[in-house]
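Peer 1: Structure below; questions to follow.
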Amino acid sequence: MEKASPGKVTIELMKTEDLDQVMEVEKLSFTNPWSKNSFFLELTTNELATYIVAKVDGKVVGYAGMWLIVGEAHVTNVAVHPEFRKKGIGELLMRSLMTLAKESGAKMMTLEVRKSNYIAQNLYTKLGFEPIGIRRGYYTDNREDAVIMWTNLNEK
């Protein structure tokens, strides 16, 4: 079964002008959403941070971010608007982050994912991530455990 095409998806570096639309996706995706100010500070003051957006017809439909620290990329967040899920946008965002991380000299990439989020875990496994541990009670909204996943970017 083919996925319905969401239209032409473009990946761009996130700009402060994108934040209102990013916040819409954030609030629809997470029980404890980041604040607009948190994203603003990531874009304007965190020199370790890189954030990208996926746009369809100029509208933000997803975003992803990472911190680059001493040869490692740590994925901070990935989200896709509910109306645009299951169309390959999350995978496109992750592949784009992985490319940016490699281009920036990162050798490894890591992330945490909810233990119950099998859809995301399956995507990350498809992209070469492997579970290596558990962070107990990591998520503050319900104390759910996080699965820690890593991948070697040199093998991608």
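Bear in mind these aren't lab numbers, they're just calculated from the coordinates by the rules spelled out. Since the model is a prediction, treat every value here as computed from it, not as a measurement. Using ideal geometry, Cβ is built from the backbone for each residue, glycine included, and neighbour counts are taken over all protein chains shown.
Peer 1: Would you calculate, for the chain, the mean residue ellipticity at 222 nm contributed by helices, counting each DSSP H stretch of 4 or more residues as -39,500 (n - 2.57) and dividing by all residues, to the nearest 500?
Peer 2: -8500 deg cm²/dmol, from helical runs alone.
Peer 1: Regarding region 9-155, what are the three Cα extents along the principal axes, ordered largest first, in Å?
Peer 2: Extents along the principal axes, in whole Å: 37, 36, 31.
Peer 1: Next question, about the same structure. Do you know the Lys pair count in the chain for C-alpha distances under 14 Å, with sequence separation 8 or more or different chains?
Peer 2: Step by step, the pairs that qualify in the chain add up to 13.
Peer 1: Among 37-50, 112-125, what's the highest-first ranking by average C-beta atoms within 10 angstrom per residue?
Peer 2: 112-125, 37-50
Peer 1: If you don't mind, there's one more thing I want to ask. Near the amide H of residue 144, under 5 Å away, which other amide H atoms are found, from residues 5 or more places off or on another chain, if H is placed in the peptide plane?
Peer 2: The list, which skips near neighbours in sequence, is 139.
Peer 1: Can you work out the Karplus-derived ³J(HN,Hα) for every residue in region 48-58? Use 6.51 cos²θ - 1.76 cosθ + 1.60 with θ = phi - 60°, whole Hz, and x for glycine or proline.
Peer 2: Ordered by residue, 3J(HN,Hα) equals 8, 8, 9, 10, 10, 10, 9, 10, 10, 6, x Hz.
Peer 1: Looking at the chain, do any whole DSSP H helices span at least 20 angstrom along their long axis by alpha carbon and average -1.0 or above on Kyte-Doolittle, and which?
Peer 2: 89-103
Peer 1: Oh, and also: Output ³J(HN,Hα) for region 106-117: one whole-Hz value per residue in order, computed from phi by the Karplus curve 6.51 cos²θ - 1.76 cosθ + 1.60 with θ = phi - 60°, and x for Gly and Pro.
Peer 2: Listing the rounded values in order: 6, 9, 10, 9, 9, 7, 10, 9, 4, 4, 8, 8 Hz.
Peer 1: Based solely on C-alpha atoms, express the radius of gyration and the Dmax of region 101-156 in angstrom.
Peer 2: Calculated on Cα positions, Rg and Dmax stand at 12.2, 36 Å.
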